[in-house]
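One structure below.
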Amino acid sequence: MLAEDTLIWERFIDSTPDRFTSVQYDVHVGLEDELDEEIEQAARAAWWDLTRWKIDVVAKDEDTIYIIEIKPFANAKALGQALAYALLYQDEHCASRPVVPVVLTNSHINTTQRAGDLMEVRVWVA
């Protein structure tokens, strides 16, 4: 997470300290891109890290897994990221509970909220 994202997350957690039973940060999803066989191992590890997407927060409560994209001044990009991450997570982890995409933000416009409702992406403000 970026520093500004961390501030939003900390504000959210401070206001809802018992909201989740567990959280994980910077969770990779997606496929690793192909690499030439001659590339050395250190470069391979970096490539693996760079070519897979990262979910800011995977948070769980008793019933649900939340895939949380933290974005200051949330917009369509944040909604798309949250939805894509949630779909990839569900595909890769075969979750036994509902996987819910969430955008956590400090600010958004009404159109962002409306689009989130239509896309079934929750928009939370901290």
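Here Ala45 qualifies as part of a helix (DSSP H, G or I) and at pLDDT below 95.
If only residues of segment 1-36 that are among the hydroxyl-bearing types (Ser, Thr, Tyr) and assigned to a strand (DSSP E or B) are counted, the one that is nearest to the chain's Cα centre (by Cα) is Tyr25.
The values are calculated or read from the model by the stated rules, or taken from the named source; none is laboratory data. Since the model is a prediction, treat every value here as computed from it, not as a measurement.
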